[in-house]
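Chemist: Encoded as structure tokens, here's the structure I'll be asking about.
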């Protein structure tokens, strides 16, 4: 028995009965429903009493009423989760204005801090450039060394300037 698709039946001019006109037990058999004229027993699609008893003993058989209860419980739980989620969304939506202002303020504050840090880094880079005569990337490890060297030399220059002031004062006192 060769089974044709619906299109091939139409091309041959044959009519195909719809599934709604098939008996309920035939449509539930899946692949056997198409072969109903091929002497397939309808009982093949359902478990026998021995198989049901074996599944019960294994604990794998679940009666329809229990399955319906479990399904209803799952649906109720999903609806509860959805309801809670929607309530949370509504609550957050009511606080949206305040949360948005808080977020924008934190962004502005972070931007100011970043600008200040960038300004400090820019100033340090400019000082290094002016002092040593060439530009250096602040991520370069030598940058920090050069900055420390520059600061040490500036401290030494300040110390020498103070010493010169003291010497001038002492000379002025003596004279």
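Taken together, the values in this text are just the output of simple stated rules run on the coordinates, not laboratory data. Nothing here was measured: the structure is a model prediction, and the numbers come from that model. Neighbour counts run over all protein chains shown; Cβ positions are idealised from the backbone, glycine included.
Chemist: Once a ≥ b ≥ c are taken as the square roots of the eigenvalues of the Cα gyration tensor of the range 96-174, is the result rounded (a/c under 1.5), prolate (a/b larger than b/c) or oblate (a/b not larger than b/c)?
Modeler: The shape class here is oblate.
Chemist: Beta carbons within 10 angstrom, averaged per residue: use that to sort the peptides 144-153, 130-139, highest first. It would help to have the intermediate numbers written out before the result.
Modeler: Values: 144-153: 12.9, 130-139: 10.2.
Descending mean neighbour count gives 144-153, 130-139.
Chemist: Apply 1/(1 + (r/R0)^6) to the Cβ-Cβ distance of residue 162 and residue 125, taking R0 = 35 Å, and write down the FRET efficiency to the nearest 0.05. Walk me through the numbers on the way to the answer.
Modeler: Details: r = 29 Å, r/R0 = 0.82.
After rounding, the FRET efficiency stands at 0.75.
Chemist: Now, a different point. Going by the alpha-carbon gyration tensor, a ≥ b ≥ c the square roots of its eigenvalues, is the range 59-129 rounded (a/c under 1.5) or, if a/c is not under 1.5, prolate (a/b greater than b/c) versus oblate? Display every interim value, and only then the final one.
Modeler: On the way: a/c = 14.67, a/b = 3.07, b/c = 4.77.
Oblate is the answer for the range 59-129, as a/c is 1.5 or above yet b/c matches or exceeds a/b.
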